[in-house]
1. What number of residues in region 257-277 are in a loop (DSSP other than H, G, I, E, B) and either of a type in the set (S, T, N, Q) or without any contact (Cβ under 8 Å) to a residue 24 or more places away in the chain (or both)?
2. Given the criterion more than 23 Å from the chain's Cα centre (by Cα) and surrounded by fewer than 19 Cβ atoms within 10 Å (Cβ to Cβ), identify the matching residue among S103, S82, S56.
3. Return a yes/no flag: does region 145-168 have any residue that is crowded, with 18+ Cβ neighbours inside 10 Å, out of contact with any Lys or Arg (no Cβ under 7 Å at 6 or more places or on another chain) and over 21 Å from S219 (Cβ atoms).
4. Does S257 fit the bill of being surrounded by 14 or more Cβ atoms within 10 Å (Cβ to Cβ), modelled with pLDDT under 95 and closer than 19 Å to K137 by Cβ?
5. Quick one: which of A35, A10 is touching a Pro at 6+ places or on another chain (Cβ under 6 Å) and either at pLDDT 95 or above or part of a strand (DSSP E or B) (or both)?
6. Just the residues that are of a type in the set (F, W, Y) and either under 12 Å from T179 (Cβ atoms) or outside the structural domain of L180 (by TED's automatic domain parsing) (or both), please, taken from region 212-239.
7. Within region 130-188, work out how many residues are out of contact with any Asp or Glu (no Cβ under 9 Å at 6 or more places or on another chain) and on the phi > 0 side of the Ramachandran plot.
8. Picking from D43, D69, D59, which residue would you name as being among the charged types (D, E, K, R), without any contact (Cβ under 8 Å) to a residue 12 or more places away in the chain and more than 26 Å from S185 (Cα to Cα)?
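The values are calculated or read from the model by the stated rules, or taken from the named source; none is laboratory data. Because the structure is a prediction, the values reported are computed rather than measured. Because the Cβ atoms are built from the backbone with ideal geometry, glycine has one as well, and the counts that use them run over all protein chains shown.
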Amino acid sequence: MSEHNKIKFAVVGAGHIGKRHAEMIKRENEAELVALVDCRSQDACEASHFEVPFFSSIDELLQSDLEIDVVNICTPNGLHASQSLKALEMKKHVVCEKPMGLSKDNCEKIIFKALQVSRQVFCVMQNRYSPPSEWIKSIIEDGILGKIFIVQLNCYWNRDDRYYKKGGWKGTKELDGGTLFTQFSHFIDIMYWLFGDIDNIEGKFKDFTHRDMTEFEDSGLVTFDFINGGMGCLNYSTSVANQNLESSMTIIGENGSVKIGGQYMNEVEICNIKDYEMPELKPSNPANDYGPYKGSAANHNYVISNVIDSVKGRTSPTTNALEGLKVVEIIERIYKVKNENKKGDE
């Protein structure tokens, strides 16, 4: 592929996030949006302004004679793995929204297939691009905090009947997968990116306000040890009334403490480190806006430009498939504890 060729993208799933992908692709000089796919009509998706061919399934797209380099999977969580595999079978690079799959097994199949066909799989974990995340990564890598003692992750959001619409995929075991997959996998990704893997997981889980809306828990208190040393906890809930409360990470190390907070882990609230002066950070992008409720930072522009640079051989993926698998595997292990607790209660 020559430097001047545009990378041709097709986006599967024309909901809020799919349209954001399409928008970001259109803004890139070296990219071209060649198709959109959704099981709903183009009008129902409000996607006719993209002015590209519209298909009703990924099979229809892949059987067409369109030239495609990259397929972006922006469908419900439970479809990510099977659709990624279909795109790889046809020798396309894949950009997969989080989570990469709903099981480690599914993710392993994707990695194996990508190696077989020599194609890249990019997992969308756009929170890695926020200035506080980049800064905290640099101070952890440079050992500025010294040994890490305790990491506390708090994710307290609002998801109510404005979000879980009757008859939709959100809230179902099969297509949504659970609160940690849909709402909080970004923050588990940041924790894994900074501190590595965990073990000795214990937890308590409850469904406070979502019994009639979802097939899974809305809240959990989870504790664990980091394999690299130190211990951690993840406290999460989507039963916060009215609006999101916070997503924060507090890190206590031998040389000081740091807290990244705000609603979306987008502000440095505390930096108290011996003999260290914090640099001024660039402002964070605003959160993804879904009307009454908000999501993670809107950093998809960085994701798309990283895909272009990687496919053109200028750099490597910011979040590779192995890291995508690790986040899914950590969530799967947390949910295994939940299921074991449930059995013990019966």
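1. The qualifying residues number 6.
2. S56
3. Scanning region 145-168 turns up at least one residue that is crowded, with 18+ Cβ neighbours inside 10 Å, out of contact with any Lys or Arg (no Cβ under 7 Å at 6 or more places or on another chain) and over 21 Å from S219 (Cβ atoms).
4. Taking the combined requirement at face value, the residue does not satisfy it.
5. After ruling out the rest, the residue left standing is A35.
6. F216, Y236
7. 3
8. Result of the check over D43, D69, D59: D43.
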